[in-house]
Amino acid sequence: QVQLVESGGGLVQAGGSLRLSCVASGLPFSEYVMGWFRQAPGKEREFVAATSRRGGSIDYVDSVKGRFTISRDNAKNTLYLQMNSLKPEDTAVYYCAADHRYSISRMQTTYDYWGQGTQVTVSS
């Protein structure tokens, strides 16, 4: 049984930082592209960042470039999202997802497995 479990969310003031983690089990983690997505209240879920199997290829949505860093530790089956200079518009539920395809993708439909999400709230 595949499980993706996110943690690290919380309430933070604007300008602050959070580090999200996603621990994977039940799948060969190093053989999966991993991504972060988020869904703000009243909005559709959107792509945030993705990393290739070994982390050599990374993609970010423009709104987080220079502030967020995605990384992975294949030995620990763990995906990370370091979020700095947080803004109120970053408030959302953040989800990690796993994609068995080789190339990184922004499309939610290419991802096979999803976590339950972790809430990030940024106050102004």
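The table below gives the values:
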quantity: Scan of segment 41-54 for residues that are open to solvent by less than 30 Å² (accessible area, probe 1.4 Å) and in a loop (DSSP other than H, G, I, E, B), ordered by number; calculated: Ser52
quantity: Pro28 vs. criteria open to solvent by 60 Å² or more (accessible area, probe 1.4 Å), more than 11 Å from the chain's Cα centre (by Cα) and at pLDDT below 95; calculated: no
quantity: Sole residue being touching a helix residue (DSSP H, G or I) at 6+ places or on another chain (Cβ under 8 Å), charged (D, E, K, R) and modelled with pLDDT under 95, chosen from Arg53, Arg101; calculated: Arg101
quantity: From Arg54, Arg19, residue being among the charged types (D, E, K, R) and in contact with a strand residue (DSSP E or B) (Cβ under 6 Å, 6 or more places away or on another chain); calculated: Arg19
quantity: Condition met for Arg38 (closer than 21 Å to Thr109 by Cα, open to solvent by 60 Å² or more (accessible area, probe 1.4 Å) and either in contact (Cβ under 8 Å) with a residue 40 or more places away in the chain or of a type in the set (Ser, Thr, Tyr) (or both)); calculated: no
quantity: Contacts under 7 angstrom Cβ, first residue in segment 1-20 being among the polar types (S, T, N, Q), partner loosely packed, with under 14 Cβ neighbours inside 10 Å and assigned to a loop (DSSP other than H, G, I, E, B), 6 or more apart; calculated: Gln1/Gly26; Gln3/Gly26
quantity: In segment 1-25, residue least open to solvent (accessible area, probe 1.4 Å) [restricted to those that are in a loop (DSSP other than H, G, I, E, B) and more than 21 Å from Ser105 (Cβ to Cβ)]; calculated: Gly16
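The values are calculated or read from the model by the stated rules, or taken from the named source; none is laboratory data. Owing to the predicted nature of the structure, the values given are computational and were not obtained by experimental measurement. Backbone-built Cβ (ideal geometry, glycine too); neighbour counts: all protein chains shown. The area values use the complete protein model at the heavy-atom level, side chains included, leaving out ligands, DNA and RNA. Shrake-Rupley method; radii C 1.70, N 1.55, O 1.52, S 1.80 Å.
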